[in-house]
Amino acid sequence: QIIYEKQADEQRSPASITKIMTLILIFDAIDEGKIKMTDEVVTSAYAKSMGGSQVFLEEGEVQTVETLIKCIVIASGNDASVAMAEYISGTEEAFVEEMNKRAEGLGMTNTHFSDCCGLTEDPDHLTTARDIALMTRELINCYPEIHNYSTIWMENITHVTKQGTKEFGLANTNKLLKMAADFQVTGLKTGSTSRAKYCLSATAQKDGIRLIAVIMAADDSKVRVRDAITLLNYGFGKCQKYTEKKQKKISPVEVRGGREKQVKVRQQGAFTYVDTTGADLTKIENKTRK
């Protein structure tokens, strides 16, 4: 449900927000049994050559799938994204084809990906705030374990190369995690390039309600965080959740023309409802129709 929107369908460059779709395909592959978290991935020369945000993987360096997920989610590693794309699909180009197919399946009608990390200067690499919200929802709903990584503030990984072994610190690019707020921030992904400016897809929860706030083309990193907090505060202020405290018993239902004269009926679970209109939820009634 959309609580607030502004220019939601205007196509813009997403920068590293692109990696949300990359992560969806990575977790799809894990879910389908094609790869495992413990699989070892070898970094290619092409993956190493990525500029921008990177974790400085060396050609031939081996890291596990889980470590590369951390590099993508926490540090927005372009090199780690390409390494995973090649591991899953053979080439980045083949992986990007799958990204666009997945986007089409999600109804992301105004999106086209040209690479797996958002570093490209291709003017056709575009998406919208609405489409980012769609793929964000897909990632957190299908693979909630993503929050185990998107809430890490700092963590070290170990580079083992021909030059030896050294520790490398990952620092989360999502500064919203450290901002004082009246809700719990659970992620998710930042992005910035000169063309895209500053972008953020933020996820948060409060009192059993989860919200997504998408910011695109902010003038600087402080503005994107400020605007995300404003949107989330507005959203949580508009939402109130009703949860049925007690389920009433339902009388058996008569069966016509069946072997049994009656069949027992029960409610599958507690009824819940999120209101954004300011309605009086104490007036909700439970009625059974037969």
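Return yes when Thr282 is of a type outside the set (D, E, K, R), under 29 Å from Gln1 (Cα atoms) and in contact (Cβ under 8 Å) with a residue 24 or more places away in the chain and no when it is not. Spell out how you get there, then give the answer.
On the way: of a type outside the set (D, E, K, R): yes; under 29 Å from Gln1 (Cα atoms): yes; in contact (Cβ under 8 Å) with a residue 24 or more places away in the chain: no.
Taking the combined requirement at face value, the residue does not satisfy it.
Tell me, please, whether a residue that is open to solvent by less than 40 Å² (accessible area, probe 1.4 Å), part of a loop (DSSP other than H, G, I, E, B) and in contact with a strand residue (DSSP E or B) (Cβ under 9 Å, 6 or more places away or on another chain) can be found in the stretch 143-160.
Scanning the stretch 143-160, I find at least one residue that is open to solvent by less than 40 Å² (accessible area, probe 1.4 Å), part of a loop (DSSP other than H, G, I, E, B) and in contact with a strand residue (DSSP E or B) (Cβ under 9 Å, 6 or more places away or on another chain), so the answer is yes.
Considering each residue of the stretch 225-266, count those that are open to solvent by 50 Å² or more (accessible area, probe 1.4 Å) and assigned to a loop (DSSP other than H, G, I, E, B), and give that number.
Selection size over the stretch 225-266: 16.
Residues in the stretch 267-290 that are open to solvent by less than 50 Å² (accessible area, probe 1.4 Å), out of contact with any Cys (no Cβ under 9 Å at 6 or more places or on another chain) and at pLDDT 90 or above: how many?
Residues flagged as open to solvent by less than 50 Å² (accessible area, probe 1.4 Å), out of contact with any Cys (no Cβ under 9 Å at 6 or more places or on another chain) and at pLDDT 90 or above within the stretch 267-290 amount to 2.
Could you list, in sequence order, all residues of the stretch 11-29 that are touching a strand residue (DSSP E or B) at 6+ places or on another chain (Cβ under 8 Å) and either acidic (Asp, Glu) or on the phi > 0 side of the Ramachandran plot (or both)?
Of everything in the stretch 11-29, just one residue is touching a strand residue (DSSP E or B) at 6+ places or on another chain (Cβ under 8 Å) and either acidic (Asp, Glu) or on the phi > 0 side of the Ramachandran plot (or both), namely Ala15.
Quick one: would you say Leu177 is surrounded by 21 or more Cβ atoms within 10 Å (Cβ to Cβ), aliphatic (A, V, I, L, M) and within 19 Å of Ile132 (Cβ to Cβ)?
The answer is no for Leu177.
List pairs: first in the stretch 225-237 and at pLDDT 95 or above, second aromatic (Phe, Trp, Tyr) and open to solvent by less than 30 Å² (accessible area, probe 1.4 Å), Cβ under 7 Å, 6+ apart or cross-chain?
Leu232/Phe183; Phe236/Phe183
Suppose we filter the stretch 112-134 for residues that are free of Cβ contacts under 8 Å to residues at least 40 places away in the same chain and touching an Asp or Glu at 6+ places or on another chain (Cβ under 8 Å); how many remain?
Of the residues in the stretch 112-134, 3 are free of Cβ contacts under 8 Å to residues at least 40 places away in the same chain and touching an Asp or Glu at 6+ places or on another chain (Cβ under 8 Å).
Being buried (at least 24 other Cβ atoms within 10 Å of the Cβ), among the small types (Gly, Ala, Ser) and within 16 Å of the chain's Cα centre (by Cα) narrows it down to one of Ser53, Ser76, so name that one. Write out each step before concluding.
Working: Ser53 fails: within 16 Å of the chain's Cα centre (by Cα).
Unique residue meeting the criteria: Ser76.
Give me a count of the residues in the stretch 129-142 that are open to solvent by 20 Å² or more (accessible area, probe 1.4 Å) and under 12 Å from the mean Cα position of the chain (by Cα).
So the answer is 6.
Please go through the stretch 28-50 and give me each residue that is within 21 Å of Cys142 (Cα to Cα) and assigned to a loop (DSSP other than H, G, I, E, B), ordered by number. Give the derivation first.
Step one: list which residues in the stretch 28-50 are within 21 Å of Cys142 (Cα to Cα), which gives 28-38.
Matches in the stretch 28-50: Glu32, Gly33, Lys34, Ile35, Lys36, Met37, Thr38.
If Asn172 satisfies all but one of (1) within 15 Å of Ile74 (Cβ to Cβ); (2) open to solvent by 40 Å² or more (accessible area, probe 1.4 Å); (3) not β-branched (Val, Ile, Thr), what's the number of the condition it fails?
(2)
Scan the stretch 56-70 residue by residue and report those that are assigned to a helix (DSSP H, G or I) and open to solvent by less than 50 Å² (accessible area, probe 1.4 Å). Steps first, please.
In the first step, residues of the stretch 56-70 are kept if they are assigned to a helix (DSSP H, G or I); the result is 65-70.
Passing the criteria: Val65, Thr67, Leu68, Ile69, Lys70.
The values are calculated or read from the model by the stated rules, or taken from the named source; none is laboratory data. As the structure is a computational prediction, the values presented were derived from the model and not from experiment. Neighbour counts are summed over all protein chains in view; Cβ atoms, including those assigned to glycine, are modelled from backbone coordinates with ideal geometry. Keep in mind that these areas ignore ligands, DNA and RNA; they rest on the heavy atoms of the full protein, side chains included. Shrake-Rupley method; radii C 1.70, N 1.55, O 1.52, S 1.80 Å.
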